[in-house]
Amino acid sequence: MMSPVTGPSRAIKLRNRELAAIHVLASKKLHLDRDTYVALLQRVGNVRSSADLDATGRGKVLDELRRLAGEGERQMRNAVNLPDAPQNVREEIAGMVAKVGAILAETGKRWNYAHGTARRMFKVQRVEWLRPDQLHKLVAALQMSANRARRK
C-alpha cells in the first residue's frame with residue numbers, strides 16, 4: 001500500500017478524496033445531522049459509515065449527495081448564438097450577456113467591441129468575467145452609445 005519512496009497509492013488517494021467530498025457535501029452543503037447522514041449512507045450504500053464504502057458505494061453516495069445539493073445541473077449556458085459570442089457564461093449573468101449581444105447586433109458591432117469596452121471601463125479582459133454590477137454598467141454604456149448612434 002504505502003512505500004517509503006512513493007507514498008500512498010493512487011487508489012488510497014482517490015478513496016481519501018472521495019470520502020472528503022462526501023463529508024463536505026453532507027456537512028457543509030447540505031448541513032445533514034448525524035442521524036440523517038447515517039440514514040442516507042444506509043439507504044444508498046447499505047453501510048453505517050462512509051469508511052465502509054467500496055468504490056462503487058462511494059460513487060453512489062456522491063451522486064446522491066450531489067443530486068440533493070443541486071450540483072451537476074447545468075450551471076452555464078451560451079448567452080447568444082453568434083459565432084464570436086462568449087460561451088459557457090455563468091447562469092447568474094447570462095441574461096445580461098445576452099442583452100450585450102442584442103445591443104451589439106442592433107448596432108452592427110462585434111463582441112471585440114464589448115470586450116474592449118470592458119477592458120477600458122473595468123480592466124477586465126472579457127465580458128463574461130465581469131461581476132453582475134459591472135455588467136449592468138457595461139450594458140448602460142453600450143445602450144447609451146447605441147442611442148447616440150441611432151440619433152445621428
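Selection of region 15-51 for residues being assigned to a loop (DSSP other than H, G, I, E, B) and within 17 Å of G70 (Cβ to Cβ) yields L30, H31, L32. Filter region 96-108 for residues that are surrounded by 13 or more Cβ atoms within 10 Å (Cβ to Cβ) and out of contact with any helix residue (DSSP H, G or I) (no Cβ under 8 Å at 6 or more places or on another chain) and give the result. Scanning region 96-108 gives A98, A102, A105.
Can you find a residue that is aromatic (F, W, Y), in contact with a Ser or Thr (Cβ under 9 Å, 6 or more places away or on another chain) and assigned by TED's automatic domain parsing to the domain that holds E91 anywhere in region 102-112? So far as region 102-112 goes, no, none of its residues is aromatic (F, W, Y), in contact with a Ser or Thr (Cβ under 9 Å, 6 or more places away or on another chain) and assigned by TED's automatic domain parsing to the domain that holds E91. Beta carbons closer than 8 Å, at least 6 apart along the sequence or on distinct chains, pair a first residue in region 132-143 that is at negative phi with a second that is small (G, A, S) and crowded, with 16+ Cβ neighbours inside 10 Å for Q134/A118; L138/A114; L138/A118; L142/A114. Could you please find all residues in region 54-71 being touching a helix residue (DSSP H, G or I) at 6+ places or on another chain (Cβ under 6 Å), of a type in the set (D, E, K, R) and farther than 11 Å from L25 by Cα? If the condition is that a residue be touching a helix residue (DSSP H, G or I) at 6+ places or on another chain (Cβ under 6 Å), of a type in the set (D, E, K, R) and farther than 11 Å from L25 by Cα, then R58, K60 are the ones that fit.
Yes/no matrix, rows are residues, columns are (1) at pLDDT below 85; (2) over 30 Å from N147 (Cα atoms); (3) not aromatic (F, W, Y):
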site	(1), (2), (3)
H31	no, yes, yes
V47	no, yes, yes
G59	no, yes, yes
Q87	yes, no, yes
G108	no, no, yes
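Inside region 31-52, residues that are touching a helix residue (DSSP H, G or I) at 6+ places or on another chain (Cβ under 6 Å) and in contact (Cβ under 8 Å) with a residue 24 or more places away in the chain make up a count of 1. Residues in region 98-142 that are aromatic (F, W, Y) and either over 11 Å from A85 (Cα atoms) or not in a helix (DSSP H, G or I) (or both): Y113, F122, W129.
When R66 is tested against (1) at pLDDT 90 or above; (2) assigned to a helix (DSSP H, G or I), just one condition goes unmet, and that condition is (1).
The values are calculated or read from the model by the stated rules, or taken from the named source; none is laboratory data. Computed from a predicted model, the values in this text were never measured in an experiment. Quick reminder, even Gly has a Cβ in these numbers, built from the backbone with ideal geometry, and neighbours come from all protein chains shown.
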